[in-house]
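The block underneath contains the structure these notes are about, expressed in structure tokens.
The values are calculated or read from the model by the stated rules, or taken from the named source; none is laboratory data. As the structure is a prediction and not an experimental result, all values here were calculated from the model. As a convention, Cβ positions derive from the backbone with ideal geometry for all residues, glycine included, and neighbour counts pool all protein chains shown. Areas reflect the complete protein model, heavy atoms only, side chains present, ligands, DNA and RNA absent. Shrake-Rupley method; radii C 1.70, N 1.55, O 1.52, S 1.80 Å.
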Amino acid sequence: MKDFDLRKYLSEGRLLKENKPTVDKLKQDILDLIPMNEQDSAQEVRDVMLDIINQIGDDVEKLTQLKKAMAITSNKNLLTVDFLNKFIKSEYGQRLVSDKTSITPTRKNSKDLRLDKVEALEDLTDDHFKTKGTLGIFKWLLEKILNSGEEIETINQYLDLTSNPDNLIKASDLKGTGNIDSLINPTLVKNPIYQSIKSPLFNLNGKGIGKGEALLIVYSSNSGEAPSKQGDVIIDGEYFEVKNSDSGGSIDSGIDSKKKLNIDNINAEFISDLGVSKDQIELMNTQKGGKRNKGTKMIFNHPSVSEYLTPENLQSYFTKLYGSSDGLDESDIISLSQEVYSNKDQSNKSIARLIFPYVYKLYKSKKNFNGLILLNSQGEFMMVEGDILPQGVEVSDWVLSTGGNNQSLPPGYINLKF
């Protein structure tokens, strides 16, 4: 019989508080939880448990935690001497019997404790959660489960269902639009823990993990954090870029050599070469309220610019913006320039939808992912499978100036709003 891993249900002391009974009653309650089993006699297990209790002493808080731990254990598998010996040698067990009154991890050993949390969710980590970038998800998820207030049966059901890839999102199912609920085992979706943490899990983000990524990592088959420069998450061996559709996202050319490109100067020089005066350039970059833009933006349909545009001078402009050894090739530059020229009287946002396939081509090649997933906190998703923006996705900005921009992205990136 496989020993039950107690750490799976422990959150390093952060268990639900309850009324503190007397020390003697707590100790007796713990002993009363010892079940019968075939491997060891009840007395053998009782003797080991008594030794653990004696090491803890009369610390009510720690005894209360031990009682909760034993209650959970006896609901899973029968206690064995071997299990208790392993438990007391574990870092969690050692903190229980420590002379220190607090078992809150210190900064000195916090790294080791975080690694313990990977082991604590052993069942869930067989097929995903394999990288250091997901350690924060372990800690958060474990605390939410243990502090959910749900019955042990509900907790066990959640862990069992979530640990089985057959119950989770398959990469092949991520097509078109929908809600991830429809791609997950209905019993898991109905579990109160799933319902209560779905939106908070979406908003969980930190170093290397953006909004929405944790939600997909937890509820996808064979999933985890994608390797560097291969998107955000991996599901069934496929790599996906994830954009938070609640607040939008950006795609860019990914050309590192362009990050320091002074596009304001390029715009001013290009527009000036068209025959536009400095005063007209100032005017086209002045807002209705009279406030001057921080940068000099290229506005294709502005009367001072539109009439002088040609496919040839646009090729020169876009070569500076998107061309290079690792950028768009000449044929793409020519095609892009013709698209803009044919639609030069439209707004920049409208033109940006036509430009999207070219920028997305570069973005995808640099990020090296299979597909782009747009996701919101309700679990509604939209899959960008080709290179055309789906209906319902808007361009909020095509960044053709650097004034006021504090993002470390090459100019010419596109902000999307979903």
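For Asn205 and Ser306, FRET efficiency with R0 = 56 Å and r from the beta-carbon atoms, rounded to 0.05? My answer for the efficiency is 0.85.
Karplus-derived 3J(HN,Hα) values for segment 356-361, using 6.51 cos²θ - 1.76 cosθ + 1.60 with θ = phi - 60°, are 3, x, 6, 5, 5, 4 Hz; glycine and proline are entered as x. Remark: segment 259-273, residue by residue, has Karplus-estimated 3J(HN,Hα) of 4, 9, 5, 8, 5, 4, 5, 4, 4, 4, 5, 5, 5, 5, 5 Hz, where x stands for each Gly or Pro and the curve is 6.51 cos²θ - 1.76 cosθ + 1.60 at θ = phi - 60°.
Which of the pairs Lys297/Lys344; Lys291/Lys364; Lys260/Lys288; Lys27/Lys139 have their Cα atoms more than 26 Å apart in this structure?
Values: Lys297/Lys344 15 Å; Lys291/Lys364 37 Å; Lys260/Lys288 30 Å; Lys27/Lys139 29 Å.
Pairs exceeding the cut-off: Lys291/Lys364; Lys260/Lys288; Lys27/Lys139.
Surface composition of segment 322-418: carbon and sulfur make up 44 percent of the accessible area, probe 1.4 Å. Where the centroid of each part is defined by its Cα atoms, how far is segment 267-303 from segment 207-257 in Å? Taking the Cα centre of segment 207-257 as reference, the centre of segment 267-303 is 37 Å away.
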